[in-house]
Amino acid sequence: MRRPDDVVPLGEATRTWFAISLQTFGGPAGQIAVMQRALVDEKRWLGERRFLHALNYCMLLPGPEAQQLAVYTGWLLNGTLGGLVAGTLFVLPGVVALLALSATYVGFGETTVVAALFAGLAPAVLAIVTQALWRIGRRALTHVSLVLLALVAFAALTVFAVPFPVVVLGAGVAGWSLNRWRPGLAASGHDGGRDDAAALLHDESFRQEHPSCGRAVRILAIGLPLWLAPVGLAALLSGGDSTYTQQGLFFSGTALVTFGGAYAVLAFVADRAVDSYGWLMPGEMARGLALAESTPGPLIMVVQFVAFLGAYRDPGGLDPWVAGLVASLLVTWVTFVPSFLFIFLGAPYVERLRGNVALAAALTGITAAVVGVIGNLAVFFAVHTLFAGSADRTWGPVQLLVPELSTLRWDAVLITAVAGWLLFGIRWSVLRTLGVCALLGLALGLLS
């Protein structure tokens, strides 16, 4: 049944979000590519311009931008319920998969078959990220100044290790400045004419929710208690010094400062989890990240692995397995609930500002920088996927992640080539490509 305010039937949208959730491998670049392919290219519910406008806002927020983009587009199509459905389904398969893998890691200590199966996914994801870079870059970089801006953003992140928020802010200022020099840059950067012609649903189809202080107060009055109540309950039942309370408080704070994606905050999380709290042993953070990279959902889901191991080893009065489950769910809750609040609070304001020329120009600059960000993620992922070893090299202001050429993984190169041919050559779907590469990885792993 279709509700009066739904842009598309909620049931159809739910099925689409569930299908997307099963393909969300490869970090934000791969996840954004999957959503762009499903919502813009296949369903044509959104135009590229509307999609990138939402993405630009999400890039400015702390937390997993791909999940926030799912909440935003779900809200556009089906209101608050649609945003809740989209955001929840986006992370649900990853929660289940990583919970199972965490339990396997703790219970058996070896994940040989699973690791071999997932070893084929990482190279496939590299091809998916490359496809995202090509598609978004082709549509967003429609002027030479935007191409240069994308290259500057890529170099700032990859070569000079400039903090992500600085790059995004600088790109916004550059976009605004370029538009003063060349009026109309915002429209050029979004390729608006082709976008309007391609989308089945146009601007007037989407909800026009009026932002107000009263609405913001209602959202905060409901959302903040829901977000923090489980932490308070954990403190009440287990004490303020328990593992559950410490994890709830720590990851609640982390959720508010994760600018720049998961990689930007994982070094901080690893340091505190190993050295300060003792939840993990040295080296285990890397194993957790490898599992998170091989499962659907945001990479920040690795915090679930941290929580499971920490509570399993210090369960208090609970059975260790129950403790791991409770801590995993608690940390997942406090990590992702803020994303819903950010979108429900800010999206109506962002939608009202879509016609603002100055803002559109700034967001056009950010869109160009996003191409550079995806390129940076592709390089990072390629180094860690295709090579077993790498090192950080510093020459003055230059900071490069350099692979050790002698550690080249020929099996990963082979699977990457196969994935590239499937996606670019015969245009297979992402899900079919992932399936084939997973089986190829399993075969090569069992034969080695």
* To do: Taking S429 as meeting all but one of (1) farther than 19 Å from L291 by Cα; (2) over 24 Å from the mean Cα position of the chain (by Cα), write down the number of the exception.
  => (2)
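Okay, residues lined up against (1) more than 19 Å from T80 (Cα to Cα); (2) surrounded by fewer than 23 Cβ atoms within 10 Å (Cβ to Cβ); (3) over 14 Å from the mean Cα position of the chain (by Cα):
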position: D6; (1), (2), (3): no, yes, yes
position: T14; (1), (2), (3): no, yes, yes
position: T24; (1), (2), (3): yes, no, no
position: G30; (1), (2), (3): yes, no, no
position: Q36; (1), (2), (3): yes, yes, no
position: R44; (1), (2), (3): yes, yes, yes
position: G47; (1), (2), (3): yes, no, yes
position: R50; (1), (2), (3): no, no, yes
* Structure fact -> Conditions (1) in contact (Cβ under 8 Å) with a residue 40 or more places away in the chain; (2) over 15 Å from A161 (Cα atoms); (3) under 22 Å from the mean Cα position of the chain (by Cα) -> V383 fails only (1)
* Structure fact -> Note on S205: of the conditions (1) of a type in the set (S, T, Y); (2) modelled with pLDDT of 90 or more; (3) out of contact with any helix residue (DSSP H, G or I) (no Cβ under 6 Å at 6 or more places or on another chain), unmet is (2)
* Structure fact -> Note on the range 402-413: residues surrounded by fewer than 16 Cβ atoms within 10 Å (Cβ to Cβ) and without any contact (Cβ under 8 Å) to a residue 24 or more places away in the chain are V402, E404, L405, S406, T407, L408, W410
* Asked: Out of all the residues in the range 303-333, which are surrounded by fewer than 24 Cβ atoms within 10 Å (Cβ to Cβ) and within 17 Å of the chain's Cα centre (by Cα)?
  -> T332, W333
* Name the single residue, out of those in the range 404-448 being in a helix (DSSP H, G or I) and among the aromatic types (F, W, Y), that is nearest to E42 (Cα to Cα). => F424
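Scan the range 248-280 for residues that are modelled with pLDDT of 85 or more and either on the phi > 0 side of the Ramachandran plot or assigned to a helix (DSSP H, G or I) (or both) and jot them down. Write out each step before concluding.
We begin by selecting, within the range 248-280, every residue modelled with pLDDT of 85 or more; these are 248-255, 273, 277-280.
Selection gives G248, L249, F250, F251, S252, G253, T254, A273, G278.
Inspect the range 67-84 for any residue being surrounded by fewer than 20 Cβ atoms within 10 Å (Cβ to Cβ) and either within 30 Å of A438 (Cα to Cα) or aliphatic (A, V, I, L, M) (or both) and give the result as yes or no.
Yes, there is a match, as at least one residue in the range 67-84 is surrounded by fewer than 20 Cβ atoms within 10 Å (Cβ to Cβ) and either within 30 Å of A438 (Cα to Cα) or aliphatic (A, V, I, L, M) (or both).
The values are calculated or read from the model by the stated rules, or taken from the named source; none is laboratory data. Because the structure is predicted, anything quoted here is derived from the model rather than measured. In this analysis, Cβ positions are derived from the backbone assuming ideal geometry, glycine residues included, and neighbour counts consider all displayed protein chains.
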